Amino acid sequence: MFGKKIDTAGEDLKKLMDHMKKAADGDMSAVEAAEFHDPEIAVCYNELMKSVFRANNVFVMRMNEAMTAIGDSSVVKNMIEEVNEQAQVVATIHTSGQELEQSITRVQSAVSNIQSSSHDVIETSRNCSEEITQSIAVIDSTADEVDQINNQIATFKENTEKITKIIDQIKDLADNSTLLALNASIEAARAGESGRGFAVVAQQMGVQAGDTASCADSVVSYVEELLENIDAIAESVAVTSDHLKEGTERANSSVLSLENMVDKVTGINEDIDSIFEEVNTQSALTEEFIALGNTVAGGFEKLNDECFTTGEHLYRISRSVDNVRSDMARGRAELTMLDWITVFKVDHLIFTWRQYNNLVGFEHLKIEQVNNPRGCKLGKWFASVGDDRIKKLPAYREAYDLHDELHRHAVNCFNAAAEGQREQALVHFERAYNTYGDLSRALDDLAAGVKGLGYTDQTDTTRKK
């Protein structure tokens with residue numbers, strides 16, 4: 001009899017150990033009293049498991065509370081988006097600085113060319129001024145020579161007029177000689193034979209007088225023609241002299257204008273030299289700005305990497321905590337309906353932020369993980385609710401519809417991210433996040449309605465002293 005009791009206790013111990021191993025592996029289901037020779041063992045084991053479940057409930061719900069804070073990646077998102085925005089601003093400033101540097105280089109080159117050209121203009125203008133001055137001297141000298149020619153022509157004209165007077169006298173003498181020859185011929189005719197010789201002389205005197213008169217007439221004709229030509233030459237010389245004087249005046253005016261222009265160009269050149277110095281100074285400052293921009297850009301790139309790394313670490317921590325919470329909730333706890341509704345809220349907070357994590361590359365979701373409103377825990381719960389009173393609650397239908405809407409926005413966010421449309425993906429994420437806020441409030445209303453139907457059991461997570 002005694003030996004039989006030892007064997008019974010051993011069998012019960014072996015069965016108890018088997019169930020404890022199963023519990024360690026995650027199977028914490030209750031045992032039947034009929035399995036043991038001593039039913040009290042089953043009662044104690046089941047009470048132990050219930051105690052473990054109750055402890056696990058507290059653990060799960062505290063983890064759930066922790067995930068409310070850990071799973072909310074608002075700070076990470078704001079940090080990453082702000083750094084990205086600032087990095088883009090810095091990149092834009094850096095690009096603008098490079099363009100400014102190129103622009104200043106072009107301005108510097110243009111100002112240098114203008115400076116060189118202005119120097120050339122001044123030098124050329126001065127050379128032109130000197131050449132015009134020399135030309136004026138030549139013109140003045142030519143004008144003097146023309147005046148001398150004019151004076152010589154006047155003298156020549158006076159002499160020619162004197163010749164005309166002499167010729168007139170010669171003509172008078174010729175006329176007188178002709179008259180004398182005529183008188184002599186008459187007298188010779190009266191003298192008869194004795195006057196014949198004298199008549200011959202008288203006749204020759206008349207012929208010579210006629211020839212002299214004829215020559216005098218020719219000379220007069222030539223002199224008159226000469227005087228006309230002299231008058232024409234004198235007029236031409238006078239016009240030339242006037243033109244020379246006018247040219248001299250214009251040349252003098254041009255010299256004054258040129259000298260004035262040289263003065264102005266000299267002043268402009270001084271301004272250009274000053275601008276060139278300012279441009280050189282600005283170029284040096286721009287180079288310093290570019291160097292600083294490179295440093296800042298490099299710093300922002302490093303900061304961006306560090307922010308991304310920090311966000312990725314926080315994501316990994318949240319996923320690890322969430323996995324522990326989910327594993328404990330599924331197999332090692334007995335959560336109440338109110339507990340599950342609280343878990344559903346946190347689940348979809350995490351679900352929403354996983355869309356942003358997928359967008360920035362912390363994790364790589366599959367569309368099946370996003371487009372599954374009936375496959376997630378809340379979707380399965382909606383389908384498993386057997387109490388029609390719960391289904392008739394307005395908050396139940398509102399939460400149901402908002403749950404579908406949340407998954408729809410998440411799908412749109414996923415697809416936009418997959419297509420590389422980051423800005424559009426952010427828009428869909430914001431819609432998903434706003435919808436989650438509405439869903440969270442609807443689930444709170446649902447929890448209140450469920451309580452009103454008598455489902456009041458809820459895990460107390462407050463620490464007992």
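Here are the numbers for the structure shown:
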{"read-out": "Residue-count net charge about residue 439 - beta-carbon cut-off 14 Å; Lys, Arg +1, Asp, Glu -1", "value": "-2"}
{"read-out": "Cut-off 14 Å between beta-carbons: net charge of the residues surrounding residue 178, Lys and Arg +1, Asp and Glu -1", "value": "-3"}
{"read-out": "Distance (nanometres) between label positions extended 7 Å along Cα→Cβ at residue 29 and residue 277", "value": "9.6"}
{"read-out": "Listed pairs 21/380; 165/245; 15/50 exceeding 25 Å between Cα atoms", "value": "21/380; 165/245"}
{"read-out": "Summed side-chain charge close to residue 35 - residues other than residue 35 whose Cβ falls under 14 Å, Lys, Arg +1, Asp, Glu -1", "value": "-3"}
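Read-outs throughout are calculated quantities, based only on the coordinates presented, and are distinct from any laboratory measurement. As the structure is a computational prediction, the values presented were derived from the model and not from experiment. Reconstructed Cβ throughout: ideal geometry from the backbone, glycine too, with neighbour counts over all protein chains shown.
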